[in-house]
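Structure first, then comments.
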Amino acid sequence: MSVSAPSGDLVDATRLELRLLYDLQRTASLNVLYYGHRASVLSRWDLTFHILATLGSLSAVAAFLTKGFSWGPWAWAGIAAIAAFFAAIAPIVGLRQKIDNFQALHFAYGEMFHQNDLLIKDIRRRGFIAEEHVGAAKMLHEMQGRLGPLDEKKPEWKLVQKLQEDVNRRIPPESLWLPQP
């Protein structure tokens, strides 16, 4: 039994879909890096606020211990006010919600990246796009469409540019395979 080469139309369709999948792969990779970084940074800020609020709340105890000093209660009251500020700031700016959203997006884009990578590898293994690949690609494109509106509305562009350079090093555009016409 001999296997014939795919027709010109099939090669063209494969090349077109692979270009879309490669774009999706690189976008997903960028978003994995971006949302992982953003969640990590905000988590560190959240932890810092909690530590400062906890340490400051201990100032109430210290105020009792320094009752004999004229400056003690005032100093500790000031520290307690600062602690109250740090305790209040995280909920006011929605820090926990942002962290949760960034973690969810990091996971979702990571899953999309890995599913996309498996699909590309299967297409490469066969040498052309098969019917089941079309359905899987459609699902991934729909997933990207659903995630897009959840993306951060005003991303940190300097961070995006830095991470895009990292993606370009990890997945150089010139290294992406396409079947020959």
On the basis of being open to solvent by 30 Å² or more (accessible area, probe 1.4 Å), of a type in the set (Ser, Thr, Tyr), at pLDDT 85 or above and in a helix (DSSP H, G or I), does THR27 make the cut?
yes
How many residues does the range 77-94 hold that are open to solvent by less than 50 Å² (accessible area, probe 1.4 Å), in contact with a Ser or Thr (Cβ under 9 Å, 6 or more places away or on another chain) and touching a residue at least 24 places away in the same chain (Cβ under 8 Å)?
3
Looking across the range 131-181 at residues that are touching a helix residue (DSSP H, G or I) at 6+ places or on another chain (Cβ under 8 Å), in a loop (DSSP other than H, G, I, E, B) and more than 20 Å from GLY36 (Cα to Cα), the single one that is most open to solvent (accessible area, probe 1.4 Å) is GLN180
Taking only the range 95-104 into account, find how many residues are open to solvent by 30 Å² or more (accessible area, probe 1.4 Å) and not charged (D, E, K, R).
4
Hey, can you tell me all the residues within the range 103-130 that are acidic (Asp, Glu), in contact with a helix residue (DSSP H, G or I) (Cβ under 8 Å, 6 or more places away or on another chain) and within 17 Å of ARG26 (Cα to Cα)?
ASP117
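One line per residue, one yes/no per condition, for (1) over 26 Å from ASP46 (Cβ atoms); (2) in contact with a strand residue (DSSP E or B) (Cβ under 8 Å, 6 or more places away or on another chain); (3) not β-branched (Val, Ile, Thr):
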residue	(1), (2), (3)
ILE99	no, no, no
HIS106	no, no, yes
LEU118	yes, no, yes
GLU156	no, no, yes
ASP166	no, no, yes
ARG169	yes, no, yes
PRO172	yes, no, yes
SER175	yes, no, yes
LEU178	yes, no, yes
Residue satisfying all of: in the range 105-130; free of Cβ contacts under 8 Å to residues at least 40 places away in the same chain and open to solvent by 80 Å² or more (accessible area, probe 1.4 Å); nearest to the chain's Cα centre (by Cα) among these
PHE107
For VAL41, which of the numbered conditions (1) in contact (Cβ under 8 Å) with a residue 24 or more places away in the chain; (2) closer than 17 Å to LEU95 by Cβ fails to hold?
(1)
Is it true that MET139 is within 14 Å of GLU17 (Cβ to Cβ) and of a type outside the set (Phe, Trp, Tyr)?
yes
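The values are calculated or read from the model by the stated rules, or taken from the named source; none is laboratory data. All figures in this text were calculated on a predicted structure; none of them were measured in a lab. When we count neighbours, we look across all protein chains shown, and the Cβ atoms used for this are built from the backbone with ideal geometry, even at glycine. Calculation scope for accessible area: heavy atoms of the full protein, side chains included, ligands and nucleic acids excluded. Shrake-Rupley method; radii C 1.70, N 1.55, O 1.52, S 1.80 Å.
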